[in-house]
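Take a look at the structure below.
The values are calculated or read from the model by the stated rules, or taken from the named source; none is laboratory data. This is a predicted model, so every value here is computed, not measured. Quick reminder, even Gly has a Cβ in these numbers, built from the backbone with ideal geometry, and neighbours come from all protein chains shown.
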Amino acid sequence: IDKLWSLVPEDVKEKAAKSKSTAPVLDVTQHGFFKVLGKGVLPTNQPLVVKAKLISKIAEKKIKEAGGAVIL
């Protein structure tokens, strides 16, 4: 969880900060990761949509609490 925002490109982060109605989509499999674990925290003011093969229950809970979504 704590490394997800570092995988999002800077230009996408800037667009997401300006527009509160959209959330960036991050496919972690394109970065060589297949499972997202719940260690760490996400910023609560910016939602994130995460695509992965496997996501732990804790990670899913934290992503949804931040206003994001999970796609398996």
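Of all residues in the range 19-28, those satisfying the criterion of being within 17 Å of Pro9 (Cβ to Cβ) and exposed (fewer than 12 other Cβ atoms within 10 Å of the Cβ) are Ser19, Thr22. Per this entry, Thr44 is counted among residues that are closer than 13 Å to Ile63 by Cβ, among the β-branched types (Val, Ile, Thr), out of contact with any helix residue (DSSP H, G or I) (no Cβ under 7 Å at 6 or more places or on another chain) and loosely packed, with under 15 Cβ neighbours inside 10 Å.
The condition of being exposed (fewer than 12 other Cβ atoms within 10 Å of the Cβ) and not hydroxyl-bearing (Ser, Thr, Tyr) holds for only one of Lys57, Lys39, that being Lys57.
You will find that of Val50, Val41, the residue that is aliphatic (A, V, I, L, M), part of a loop (DSSP other than H, G, I, E, B) and in contact (Cβ under 8 Å) with a residue 12 or more places away in the chain is Val41 and no other. Of the residues making up the range 40-55, those that are at pLDDT 90 or above and under 13 Å from the mean Cα position of the chain (by Cα) are Val49, Val50, Lys51, Ala52, Ile55. Would you check if there is a residue in the range 18-35 being modelled with pLDDT under 90, part of a helix (DSSP H, G or I), out of contact with any helix residue (DSSP H, G or I) (no Cβ under 6 Å at 6 or more places or on another chain) and not hydrophobic (A, V, I, L, M, F, W, C)? Within the range 18-35, one or more residues are modelled with pLDDT under 90, part of a helix (DSSP H, G or I), out of contact with any helix residue (DSSP H, G or I) (no Cβ under 6 Å at 6 or more places or on another chain) and not hydrophobic (A, V, I, L, M, F, W, C). Beta carbons closer than 8 Å, at least 6 apart along the sequence or on distinct chains, pair a first residue in the range 1-17 that is of a type outside the set (D, E, K, R) with a second that is in a helix (DSSP H, G or I) for Ile1/Ala59; Ile1/Lys62; Ile1/Ile63; Leu4/Val28; Trp5/Lys13; Leu7/Val28; Leu7/His31; Val8/Ala16.
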